[in-house]
1. In terms of solvent-accessible area of protein heavy atoms at a 1.4 angstrom probe, what is the ranking of Leu40, Leu45, Leu50, highest value first?
2. Calculate the FRET efficiency for Ile5 and Leu65 from the Cβ-Cβ distance with a Förster distance of 30 Å, rounded to the nearest 0.05.
3. Largest first, how would Ile9, Ile25, Ile113 line up by accessible area (1.4 Å probe)?
4. Express in Å², to the nearest 10, the accessible area of Phe28 obtained by rolling a 1.4 Å probe over the protein heavy atoms while all chains stay in place.
5. Pull the list of the chain cysteines that no other Cys approaches to under 4.7 Å, Cβ to Cβ.
6. If the elastic network links every pair of Cα atoms under 10 Å, which of His101, His57, His32 fluctuates the most in the Gaussian network model of the chain?
7. Which FRET efficiency value, to the nearest 0.05, is calculated for Met112 and Asp22 with the Förster distance at 41 angstrom and r the Cβ-Cβ distance?
8. Please compute the contact order of the chain in relative form: average sequence separation of alpha-carbon pairs under 8 Å and at least six residues apart, divided by the residue count, as a percent.
Amino acid sequence: MDNCIFCKIAKREIPANKIYEDEDILAFHDIHPAAPVHFLLIPKLHVDSLADIDGSHHDLLGKMLVLTPKLAKEQGCSEGFRTIINTGRVGGQEVFHLHFHIIGGHQRLPGMIHQG
Ligand code: 5GP
Ligand code: ZN
């Protein structure tokens, strides 16, 4: 995808503060962290969002999920963390290249969203 910022990060066309990379996956710190630990895990393959996932992505997503707690612990989330996948307009997604937010630190994170 020509104009996708995360594809550009994956192709090293724009810089990011990388914490992990293999042939399929990249992890880097979020540019606007919401907590002391806040990094993004992306597939190098461009997929718009979780709503566009199908069976062909099974192994890739499994690999991303298995990697999530390992990287979270390495980043200092020894007592837990939150994994968020914003999906589509209602989900508040801003960058349309599938990504996991992994968020944590030492303080308990704010509670879940409640219907007002
Ligand atoms: P979304 O709302 O799509 O789930 O989250 C997109 C996230 O990407 C935001 O938390 C935002 O701070 C982060 N982000 C957007 N552009 C960049 C960038 O160029 N570099 C990095 N490291 N993070 C970015
Ligand atoms: Zn992309």
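1. Sorted descending by solvent-accessible area, the residues read Leu45, Leu50, Leu40.
2. After rounding, the FRET efficiency stands at 0.80.
3. Ile113, Ile9, Ile25
4. We get 10 Å² for Phe28.
5. Cys77
6. Its mean-square fluctuation being the largest, the pick is His32.
7. The computed FRET efficiency comes out at 0.85.
8. 29 percent.
The values are calculated or read from the model by the stated rules, or taken from the named source; none is laboratory data. Computed from a prediction, not measured in an experiment: that's the story for all the values here. So basically every Cβ, Gly included, is an ideal-geometry build from the backbone, and we count neighbours across all protein chains shown. When the accessible area is computed, the model is the full protein with side chains, heavy atoms only, and any ligands, DNA or RNA have been set aside. Shrake-Rupley method; radii C 1.70, N 1.55, O 1.52, S 1.80 Å.
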